[in-house]
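S.K.: Take this structure first; my questions come after.
Nothing in this text is a laboratory measurement; each read-out follows from the coordinates by a stated rule. Every value quoted in this text rests on a predicted model; they were computed, and no experiment measured them. Because the Cβ atoms are built from the backbone with ideal geometry, glycine has one as well, and the counts that use them run over all protein chains shown.
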Number of protein chains: 4
Amino acid sequence: MIKAVIVGGTGYTGLELIRLLLGHPRVKLTAITSTTQAGKTVTDFFPSLNGKTDLSFEPFDCKRIADAAGLAFTALPHGASMDVVSQLVEAGLKVIDLSADFRLKNLADYNEWYGEHKSPELLEKAAYGLPELNGEEIKDASLVANPGCYPTSAILPLYPLLKDGVIDSKTVVINSASGLSGAGRVPASGNIFCEANENFKAYKVGEHRHTPEIESVLSAVAGDGFRVTFTPHLLPVNRGILSTITANLNKDISSGDVLSLLSEFYAQSPFVRICEQGTLPAISNVRGSNYCDIGASVDKRTGRLVVVSVIDNLIKGASGQAVQNMNVLYGFAEDEGLSQLPLNL
Amino acid sequence: MIKAVIVGGTGYTGLELIRLLLGHPRVKLTAITSTTQAGKTVTDFFPSLNGKTDLSFEPFDCKRIADAAGLAFTALPHGASMDVVSQLVEAGLKVIDLSADFRLKNLADYNEWYGEHKSPELLEKAAYGLPELNGEEIKDASLVANPGCYPTSAILPLYPLLKDGVIDSKTVVINSASGLSGAGRVPASGNIFCEANENFKAYKVGEHRHTPEIESVLSAVAGDGFRVTFTPHLLPVNRGILSTITANLNKDISSGDVLSLLSEFYAQSPFVRICEQGTLPAISNVRGSNYCDIGASVDKRTGRLVVVSVIDNLIKGASGQAVQNMNVLYGFAEDEGLSQLPLNL
Amino acid sequence: MIKAVIVGGTGYTGLELIRLLLGHPRVKLTAITSTTQAGKTVTDFFPSLNGKTDLSFEPFDCKRIADAAGLAFTALPHGASMDVVSQLVEAGLKVIDLSADFRLKNLADYNEWYGEHKSPELLEKAAYGLPELNGEEIKDASLVANPGCYPTSAILPLYPLLKDGVIDSKTVVINSASGLSGAGRVPASGNIFCEANENFKAYKVGEHRHTPEIESVLSAVAGDGFRVTFTPHLLPVNRGILSTITANLNKDISSGDVLSLLSEFYAQSPFVRICEQGTLPAISNVRGSNYCDIGASVDKRTGRLVVVSVIDNLIKGASGQAVQNMNVLYGFAEDEGLSQLPLNL
Amino acid sequence: MIKAVIVGGTGYTGLELIRLLLGHPRVKLTAITSTTQAGKTVTDFFPSLNGKTDLSFEPFDCKRIADAAGLAFTALPHGASMDVVSQLVEAGLKVIDLSADFRLKNLADYNEWYGEHKSPELLEKAAYGLPELNGEEIKDASLVANPGCYPTSAILPLYPLLKDGVIDSKTVVINSASGLSGAGRVPASGNIFCEANENFKAYKVGEHRHTPEIESVLSAVAGDGFRVTFTPHLLPVNRGILSTITANLNKDISSGDVLSLLSEFYAQSPFVRICEQGTLPAISNVRGSNYCDIGASVDKRTGRLVVVSVIDNLIKGASGQAVQNMNVLYGFAEDEGLSQLPLNL
């Protein structure tokens, strides 16, 4: 039984972390911090958890946190996270950071896309927390940078395909659609019900901050200077990301062979499921679970491959992946506490 | 480890049963029948379950079922269920029936509201499967009639209030709203997306078949001839039932005292949660869980009590309750395999 | 061609007013004010109106408004409206006020439910703007208090029934559900997408401010001291209100006779449609239109009447009714500029 | 005042045609046919139209139709339409066909994607009904093939860009998402509420029948053999299509210049609106209207252009465009009867 804390527990990723950790057999959640709700009981704020925890939100106090736990999940906005993470690491805690602050290895990239970094020395220490690709590094890390939601959905299908040279890395176009929980729990004109419901739109075309994360991780197999056109969309659902990825094929290959290649690559990964040929994933198939489902179809007429991947953005795209990283970090079974089947509807 | 089968596994309650039983530590699901999908693998039909079961749907064969398991969940339409249940009981299986066929003790009521009953001799054998009220009877039953979804949401709050004489039994008005999964998985003009989405309507006013079920169960505490006005509505969500119940108060009582009374009555019931005074339940608070949350507020100006209850219609309103009944039947902990926290969003 | 202005044009009722007035053949919209968006073009803020107006939002300036128009629609929050309305009336404009500030004739009621009133002298001058019941008074008014959305949906069906003594005024229970646009366009935790989507809940039980409005208007036919239990709910749709109203019948009457009575009462009202016997209204049937559809069903078993009414809360419940009031005020055909058929889906 | 009939009036495009034609000042709707609902009043089937028409559905009888009107809108499934259209044309009516039967000029294409064509002689007679590109031909046609919904959303933005050589025709990738009304009104597992709600998925990847329609119309400006990768998705909303189109730029051009080019091309088209630079269209901005809104953004990092277009699939993507074609055919103002502003929410 390890002890863990959540720093910044009032957002949707915070709620998911609480929910998953309360159900995890190897973890005791000992504290949850919040600047805005300090003093309030967690169940007053999240009545869905009634009867399951007596914790109250408390203000962040590094010393208290270090006394309370050996592991901290930080679920703060980017920019706000780096300072807190730096304190926690210094205090000797292992940290799984759900913000974007430690995902980019290259400081220049961070500066260009996010702004100034206050703890650049930690960048190289941080392991990129995609266990399917990076498990060995995560195991030994003291700081894990939990991947972005869109990058998780894009990197998992693209990595093996680029590695194997199946597709032309110069032609990768990624269209993604995310449910509104990705827009956070802070009221804003962009996430109010009537603006999003019965609506669909692209946003931040060519300038979404997850672009360099996708590119930098995949450049390991696609080569330096790898570039994608990434267009995110806002989908009127609570949960789920679907990415539709198009690229020119480098060789004459069937849909079945593409799927076999993916299946083989992820044979040991409990959370990646490859669809049967002729079927494609839907976000409902993974809702409430830590799965990433991937399908693929060769468009023979144009010589292109169309790959579709789905995740629950709050679970495999955030808090579930963080728990998976914890499992890797502590040597638990990779799916411990994450075995809920998708709710589907 | 007991062995269980599901008879009629392609509807939404079937899917939920499969999902819950696959995650239950004390049960092995050994067969699932379907008339329409026999021969198909379960995961072809329900891709959300990919990787979690190798079962295929098979045609119903009472002998094969009896060999495969000691317990059967029947998830068939009313009218179709009674014959199958009768065979299964005769073959010595314990049966938890999710249809309406054995919920009404009074044969005349069944005949009036549903039509002719082909196995009337089983009516008195069947235990009404609301464990919070009827646990002792369920324990020893060979046939459990799993309650309707609306009745579950109405009976749980009303039973203690009527028993205690808090409200006037002649003034009970129940308005309920159910998500579309309650309308089943068979395509029909009433459940197609564009007809239900962005819509809300009442249906079967004064003639919904759950009315006599509510009345007959509550007549135990409200007296013979107990009658309610029950108006169901169709809500554009996948899951959830909310019942808003109004009745005249028999005495001067505060909201807090009403809530205390409910809390006390359900002190030993792990799945009934009573809201704090000043708060009311929302269907999101129980989504994906077996909880029934209940809130209450006295309207002093009119001398009426307003009670609001919520359940997930597929779980506490159907398959979760069936699993809870199984737990009671076999002496497992009442919440075994049902401890998932609500998904909330 | 009359000239009209909108004071407070950035909310949803503001948007609907702009949309309806731009399409009205007898009105020229000459100015739209906004405190927060002053200086911005209307189409920058509402891109759906692109190409249809060159107006920019401007700060409120009573003199400028008086020069620009003879009629003002005020679409401000209650409390903020009374002061502006008072200035506009003094400046000689006719005013149709969409706030709650002038709906209650009784000052004590206003003080109790809303707080202090700064322009009590205008209360008796204001005509309650429900043209179906109050057309004669509206015709001659200089100030029209546009009704609340819930009251519109409740009063239209109840007025004739109470007037005729069909139902027992001591037993009226109103359950209403409103789409999220009723919660306004200002971001708040209550109207963010993931909190409202796939959710349903009651709110302000026994204390919603529309209660005294319903009671005071209906006391004209139900007698002084008329009281209702009114329970509003939040519905995960953009538009629409459905009210389910239950009351004991005073006499033995059939559903058909109730519907005939309603049909006769509203024979001259172009926007009230009475459903055929055996059918009930759905909010989709009136979406995007100024209709109020009403259905009714006698529950013989309990001696109660169940009445269901639906409106589009932004149109018949707000801006459409305001335009209808304008038509009455200026002697235009009552449905001029309001003849759009419901969008249905 | 011309007389028109609708052949096949019970689907969603049928309902929209009825709604639009009942509100059109120059048309009298004289008959509506239906095989399944013949004999039923239109308002019994579509209660949203209550009070606005006395018509009943009638069986198709070519002679009766020819007597009743000079213009027929055929809203039948592809395959079923060609025979009826052939009869109507022979009987001397002008026909606007909303099916796919006459959209492809090339018989071989039809045979490959749809199957055998029974009236191939009409293919060359039919004018492709996209008035923005083909107005002159439509004017003189006796048969207008109303475009598909996806093709309308893809062709309008792509035509000027390909004509002007702005983009490389070999790199066009189209991702589209459509609301569920595109799946029709006939109950099927694909359009039931719980399967589509809170879901998102791609379908018919590489094989959707709108692909050859897009390619054949655009080959006029992109050259023979023009090919696109077209991936449609199912969006959990009632109405709306959004297409996100990516292509390599042929030249160094700014977003502003792309938008200017589009604005100029559509300067005389009342229903095409080009977004301001830095803004992108959302389907809510055109809901309930005949508009097509188009935005564009150059992704400098990759040398690609991202274009986004939106339409209401039932209006500009079907029935509104059919009415627009009628206006062109009869020399009415192009926007007569189509001036409703978008409902937005």
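S.K.: Roughly how big is the range D:2-125's charge dipole about its Cα centre, with Cβ charges of +1 (Lys, Arg) and -1 (Asp, Glu), in debye to the nearest 20?
M.R.: Details: 13 positive and 15 negative charges, 116 e Å.
Roughly 560 debye for the range D:2-125.
S.K.: Over chain A, with a Gaussian network built from C-alpha contacts below 10 Å, which listed residue (A:GLY129, A:GLY317, A:GLY256) shows the highest mean-square fluctuation?
M.R.: A:GLY256
S.K.: Note the angle between two axes, namely the Cα long axis of helix B:320-330 and the longest principal axis of the Cα atoms of chain B, as a number of degrees from 0 to 90, rounded to the nearest 10.
M.R.: Taking the Cα atoms of chain B, the angle to B:320-330 is about 70 degrees.
S.K.: Continuing with the same structure: What percentages make up the Cα-Cα pair-distance distribution of the range D:2-125 when the bins are 5 Å wide from 0?
M.R.: For the range D:2-125, the pair-distance distribution reads 2, 11, 22, 23, 17, 13, 7, 4, 1, 0.
S.K.: Which residue fluctuates the most in chain A, going by a Gaussian network model with Cα springs under 10 Å, if the choices are A:THR302, A:THR43, A:THR152?
M.R.: Per the Cα network of chain A with a 10 Å cutoff, A:THR302 tops the list.
S.K.: Can you give the mean number of other chain Cβ atoms that lie within 10 Å of the Cβ atoms in peptide C:287-300?
M.R.: Shielding by partners across C:287-300 averages 3.
S.K.: Something else about it: Mind checking the mean number of beta-carbon atoms from other chains within 10 Å of the Cβ atoms in A:267-279?
M.R.: Values: counts 0, 0, 0, 1, 1, 1, 6, 2, 2, 5, 0, 0, 3.
The per-residue average across the peptide is 2.
S.K.: When the gyration tensor of the range C:292-345 is built from Cα positions, what are the square roots of 5 times its three eigenvalues, in whole Å, from largest to smallest?
M.R.: Numbers: eigenvalues 192, 36, 17 Å².
Over the Cα atoms of the range C:292-345, the ellipsoid semi-axes are 31, 13, 9 Å.
S.K.: Select from D:SER56, D:SER181, D:SER189 the residue whose mean-square fluctuation is largest in a Gaussian network model of chain D (Cα-Cα springs shorter than 10 Å).
M.R.: Among D:SER56, D:SER181, D:SER189, the largest GNM mean-square fluctuation belongs to D:SER189.
S.K.: Still on this structure, I have one more. Across all directions of projection, what mean area in square nanometres is found for the Cα convex hull of the range C:126-173? Present the calculation step by step, with values, prior to reporting the outcome.
M.R.: Working: hull surface 15.1 nm².
The number I arrive at for the range C:126-173 is 3.8 nm².
S.K.: Quick one: dipole size for the range B:150-313, taken about the Cα centre, charges +1 on Lys/Arg Cβ and -1 on Asp/Glu Cβ, in debye to the nearest 20.
M.R.: 240 debye
S.K.: Continuing with the same structure: At 0.36 nm per residue, and after removing the present C-alpha to C-alpha distance, how many nm does the segment from D:TYR203 to D:GLU136 gain when stretched out fully? Don't skip to the answer; put the middle values down first.
M.R.: Details: separation 67, 0.36 × 67 = 24.12 nm, distance 3.55 nm.
Length gained between D:TYR203 and D:GLU136: 20.6 nm.
S.K.: Could you work out the Kirkwood radius for the range D:150-313, taking every pair of different alpha carbons, averaging 1/r and inverting it, reported in Å?
M.R.: Values: mean 1/r = 0.0617 Å⁻¹.
Evaluated over the range D:150-313, this radius sits at 16.2 Å.
S.K.: If you don't mind, there's one more thing I want to ask. How far is helix C:149-163 tilted, in degrees, relative to the longest principal axis of the Cα atoms in chain C, given as a value from 0 to 90 rounded to the nearest 10?
M.R.: Its long axis makes an angle of about 40 degrees.
S.K.: What area, in nm² and to one decimal, does the C-alpha convex hull of chain C cast on average over all directions?
M.R.: Its Cα hull, projected and averaged over all orientations, spans 16.8 nm².
S.K.: At a temperature of 20 °C and a viscosity of 1.002 mPa s, determine how fast the range B:218-331 diffuses translationally according to Stokes-Einstein, using the Kirkwood radius over alpha-carbon pairs as Rh; express D in µm²/s, rounded to the nearest whole number. Before the final figure, lay out each step's value.
M.R.: Details: Rh = 15.5 Å.
It comes out at roughly 138 µm²/s.
S.K.: Over chain B, what is the relative contact order in whole percent, taking alpha-carbon pairs under 8 Å and six or more residues apart?
M.R.: On the way: 762 pairs, mean separation 59.0, N = 345.
So the answer I get is 17 percent.
S.K.: Taking other Cβ within 10 Å of each residue's Cβ, how do D:ASP335, D:ASP252 sort, fewest first?
M.R.: Working: D:ASP335 15, D:ASP252 9.
Ascending Cβ contact count within 10 Å gives the list D:ASP252, D:ASP335.
S.K.: Also, quick follow-up: Under 26 Å between alpha carbons, and skipping anything fewer than 8 positions from B:LYS105 in its own chain: which lysines qualify?
M.R.: Within the straight-line cut-off, B:LYS105 pairs with B:LYS94, B:LYS118, B:LYS125, B:LYS139, B:LYS163, B:LYS170, B:LYS204, B:LYS316, C:LYS300.
S.K.: Note down the magnitude of the dipole of the protein assembly as shown about its Cα centre, charges +1 on Lys and Arg C-beta and -1 on Asp and Glu C-beta and zero elsewhere, to the nearest 20 debye. Write out the running numbers ahead of the final one.
M.R.: On the way: 116 positive and 148 negative charges, 0 e Å.
Using only the charged Cβ atoms, the result is roughly 0 debye.
S.K.: Quick one: helix B:81-90 against the long Cα principal axis of chain B, what's the angle to the nearest 10°, folded into 0 to 90?
M.R.: Once rounded, the angle reads 60 degrees.
S.K.: At 10 °C and 1.306 mPa s, grab the translational diffusion coefficient of the protein assembly as shown from Stokes-Einstein with a Kirkwood Rh over Cα pairs, rounded to a whole number in µm² per second. Let's see the in-between values first.
M.R.: Numbers: Rh = 32.9 Å.
Calculated translational D: 48 µm²/s.
S.K.: Over the range D:126-213, what per residue volume does the convex hull of the Cα atoms give, in whole Å³? Provide the component values of the computation, followed by the final result.
M.R.: On the way: hull volume 11.5 nm³, N = 88.
For the range D:126-213, the hull spanned by Cα atoms encloses 131 Å³ per residue.
S.K.: Could you quickly flag the chain C residue whose beta carbon comes closest to the rotation axis taking C to A, and that distance in whole angstrom?
M.R.: Minimum Cβ distance to the axis, with residue: C:PRO187, 2.
S.K.: I'd like the mean, over residues of C:6-18, of how many other protein chain beta carbons sit within 10 Å of each residue's own Cβ. Each step should come with its number before you reach the end.
M.R.: Numbers: counts 0, 0, 0, 0, 0, 0, 3, 0, 0, 4, 3, 0, 1.
Per-residue shielding by partner chains comes out at 1.
S.K.: In deg cm²/dmol, rounded to 500, what helix-only [θ] at 222 nm does chain C give when every DSSP H run of at least 4 residues adds -39500 (n - 2.57) and the total is split over its residues?
M.R.: For chain C, the value works out to -8500 deg cm²/dmol.
S.K.: Spin-label point model (7 Å from Cα, Cβ direction): what's the C:ASP164 to C:LEU107 distance in nm?
M.R.: If labels sit at C:ASP164 and C:LEU107, their model points lie 3.9 nm apart.
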